[in-house]
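The values are calculated or read from the model by the stated rules, or taken from the named source; none is laboratory data. Since the structure is predicted, the reported quantities are computational estimates derived from the model, not experimental observations. Here the Cβ is made from the backbone with ideal geometry for all residues, glycine too, and neighbour counts use every protein chain on show. Side chains included, ligands, DNA and RNA excluded: accessible areas come from the protein's heavy atoms. Shrake-Rupley method; radii C 1.70, N 1.55, O 1.52, S 1.80 Å.
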Amino acid sequence: AEYMGNIHRLNMGVFPAGADIIPNPYNKIPGFRVQAGAGAVHFVPGFPVMAWPMVEWVLDTHYGHLHQKSAWTEKSVIVMGSMEAALTPLMLSIEAGHSGVKVFSLPSVDHPEY
């Protein structure tokens, strides 16, 4: 009798008809991609250390047009003893005076350090 584990291992290499292979640089056991209407479904095996490079490949190969084209810089300032509503005019003024700058507020309650 053939060991069932061998059959199960062989079946791991069976993909749906029409599937595209997603390469796996970690251990060479590929994933696959199936077109589903206007979208696609992606299947990757293994633990995150295996799946990460495969998902990265899918994003770069099939969704590169969605990548952020330019980097942004984000800075934060903690303003102690003020209410968000009191800072709003200043935030609006900063945005009005500096094209491309987006100001936002993340209020904190019971901050462990401040």
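Just to check your reading of the model, which residue among His42, His8 is in a helix (DSSP H, G or I), out of contact with any Phe, Trp or Tyr (no Cβ under 7 Å at 6 or more places or on another chain) and open to solvent by 60 Å² or more (accessible area, probe 1.4 Å)?
Within the list His42, His8, the selection yields His8.
Somewhere in the range 17-36, is a residue without any contact (Cβ under 8 Å) to a residue 40 or more places away in the chain, assigned to a loop (DSSP other than H, G, I, E, B), small (Gly, Ala, Ser) and open to solvent by less than 90 Å² (accessible area, probe 1.4 Å)?
yes
I need the full set of residues from the range 69-89 which are open to solvent by 100 Å² or more (accessible area, probe 1.4 Å) and within 19 Å of Gly100 (Cα to Cα), in order please.
Lys69, Trp72, Thr73, Glu74, Lys75, Ser76, Val77
Which residue out of Thr88, Thr61 is within 30 Å of Arg9 (Cβ to Cβ), hydroxyl-bearing (Ser, Thr, Tyr) and out of contact with any Leu (no Cβ under 7 Å at 6 or more places or on another chain)?
That would be Thr61, the only listed residue that is within 30 Å of Arg9 (Cβ to Cβ), hydroxyl-bearing (Ser, Thr, Tyr) and out of contact with any Leu (no Cβ under 7 Å at 6 or more places or on another chain).
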